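Following: one structure in structure tokens, then a few remarks.
The values are calculated or read from the model by the stated rules, or taken from the named source; none is laboratory data. Every value quoted in this text rests on a predicted model; they were computed, and no experiment measured them. As a convention, Cβ positions derive from the backbone with ideal geometry for all residues, glycine included, and neighbour counts pool all protein chains shown. Note: areas computed on protein heavy atoms with side chains; ligands, DNA, RNA excluded. Shrake-Rupley method; radii C 1.70, N 1.55, O 1.52, S 1.80 Å.
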Amino acid sequence: DSGVTQTPKHLITATGQRVTLRCSPRSGDLSVYWYQQSLDQGLQFLIQYYNGEERAKGNILERFSAQQFPDLHSELNLSSLELGDSALYFCASSVGLAGGRETQYFGPGTRLLVL
Amino acid sequence: GDSVTQMEGPVTLSEEAFLTINCTYTATGYPSLFWYVQYPGEGLQLLLKATKADDKGSNKGFEATYRKETTSFHLEKGSVQVSDSAVYFCALRQAGTALIFGKGTTLSVSS
């Protein structure tokens with residue numbers, strides 16, 4: 001158990017809909033990262049938050065947004081969903097911005113299926 | 001930009017066989033290197049890491065050495081078990097950035 005929790009575990013929805021994925025980082029971790037894992041694109045970084053502020057953006061679509069709340073949990077919002085958004089979405093957390101050496105701990109993921 | 005290349009799988013081995021999964025990277029500067037493992041139906045777990053050249057990361061019988069001269073971080077294990085069956089991801093990270101992953105290598109070990 002990494003200490004990172006994600007809900008829900010599975011999500012099935014229809015095209016055009018909007019969903020929210022939730023992540024709680026490990027106790028004491030200030031950084032939260034979101035990744036998407038799909039068969040064709042592999043594991044891709046979406047976005048990072050540190051202590052409530054956006055720090056870095058990766059290959060995140062404009063239809064997707066995220067935020068980190070004062071209690072440090074984070075939510076990833078996916079809107080106008082398309083079939084191609086079906087994927088496994090991971091959240092990871094780390095202590096802070098100590099550079100490339102610090103370990104990111106991953107949650108179990110949310111499997112999204114768009115029908 | 002930075003990238004990671006892993007050998008294509010699947011890798012199929014018998015129990016107690018020797019395992020090597022090749023990983024090479026392209027990066028400026030001095031990234032940290034990681035191996036993560038994903039067991040069926042689960043999230044990613046850190047297997048081992050190395051943060052500078054010539055460092056050897058090791059865990060659960062797995063080892064990998066950070067070779068800057070060959071830009072490689074190959075994963076090895078002397079004797080695999082059925083329970084090692086999983087997908088293995090090589091990744092790099094520069095200071096202040098997110099992880100960049102390889103495409104993953106599926107390992108299947110039979111008894």
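Computed quantities for the displayed model
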{"read-out": "Residues of region B:55-76 that turn out to be away from every other protein chain (no Cβ under 14 Å), in contact (Cβ under 8 Å) with a residue 12 or more places away in the chain and not in a loop (DSSP other than H, G, I, E, B), as a count", "value": "8"}
{"read-out": "Tally of residues being open to solvent by less than 50 Å² (accessible area, probe 1.4 Å) and of a type in the set (Val, Ile, Thr) across region A:13-26", "value": "2"}
{"read-out": "The lone exception for A:GLU62 - which of (1) part of a strand (DSSP E or B); (2) closer than 20 Å to A:GLU82 by Cα it fails", "value": "(1)"}
{"read-out": "Single unsatisfied condition, B:GLY102 versus (1) open to solvent by less than 50 Å² (accessible area, probe 1.4 Å); (2) more than 16 Å from B:PRO10 (Cβ to Cβ)", "value": "(2)"}
{"read-out": "Only listed residue being of a type in the set (Ser, Thr, Tyr) and touching an Asp or Glu at 6+ places or on another chain (Cβ under 8 Å), chosen from A:SER94, A:SER74", "value": "A:SER94"}
{"read-out": "Residues located in region B:1-53, provided they are within 14 Å of chain A (Cβ to nearest Cβ), open to solvent by 50 Å² or more (accessible area, probe 1.4 Å) and either in a strand (DSSP E or B) or touching a helix residue (DSSP H, G or I) at 6+ places or on another chain (Cβ under 6 Å) (or both)", "value": "B:THR5, B:GLN45, B:LEU46, B:LYS49"}
{"read-out": "Hey, B:GLY104 facing another protein chain (nearest Cβ under 10 Å) and touching a residue at least 12 places away in the same chain (Cβ under 8 Å) or not", "value": "yes"}
{"read-out": "Residue within region A:41-52 that is buried (at least 20 other Cβ atoms within 10 Å of the Cβ) and of a type in the set (Phe, Trp, Tyr) present", "value": "yes"}
{"read-out": "The lone exception for A:ASP71 - which of (1) within 11 Å of another protein chain (Cβ to nearest Cβ); (2) free of Cβ contacts under 8 Å to residues at least 12 places away in the same chain it fails", "value": "(1)"}
{"read-out": "Check on A:LEU81, more than 10 Å from chain B (Cβ to nearest Cβ), hydrophobic (A, V, I, L, M, F, W, C) and over 22 Å from B:GLY43 (Cα atoms)", "value": "yes"}
{"read-out": "All positions within region A:7-23 that are polar (S, T, N, Q), part of a strand (DSSP E or B) and either closer than 17 Å to A:SER65 by Cβ or more than 14 Å from chain B (Cβ to nearest Cβ) (or both)", "value": "A:THR13, A:THR20"}
{"read-out": "Single unsatisfied condition, B:SER79 versus (1) surrounded by 20 or more Cβ atoms within 10 Å (Cβ to Cβ); (2) assigned to a loop (DSSP other than H, G, I, E, B); (3) small (Gly, Ala, Ser); (4) away from chain A (no Cβ under 14 Å)", "value": "(1)"}
{"read-out": "Where A:VAL95 falls short, out of the listed (1) under 26 Å from B:GLY57 (Cβ atoms); (2) within 11 Å of the chain's Cα centre (by Cα)", "value": "(2)"}
{"read-out": "Answer from A:ASP85, A:ASP29 - the residue that is modelled with pLDDT of 95 or more and open to solvent by less than 30 Å² (accessible area, probe 1.4 Å)", "value": "A:ASP85"}
{"read-out": "Test result for A:SER93, of a type in the set (S, T, N, Q), touching a Lys or Arg at 6+ places or on another chain (Cβ under 6 Å) and either in a strand (DSSP E or B) or open to solvent by less than 30 Å² (accessible area, probe 1.4 Å) (or both)", "value": "yes"}
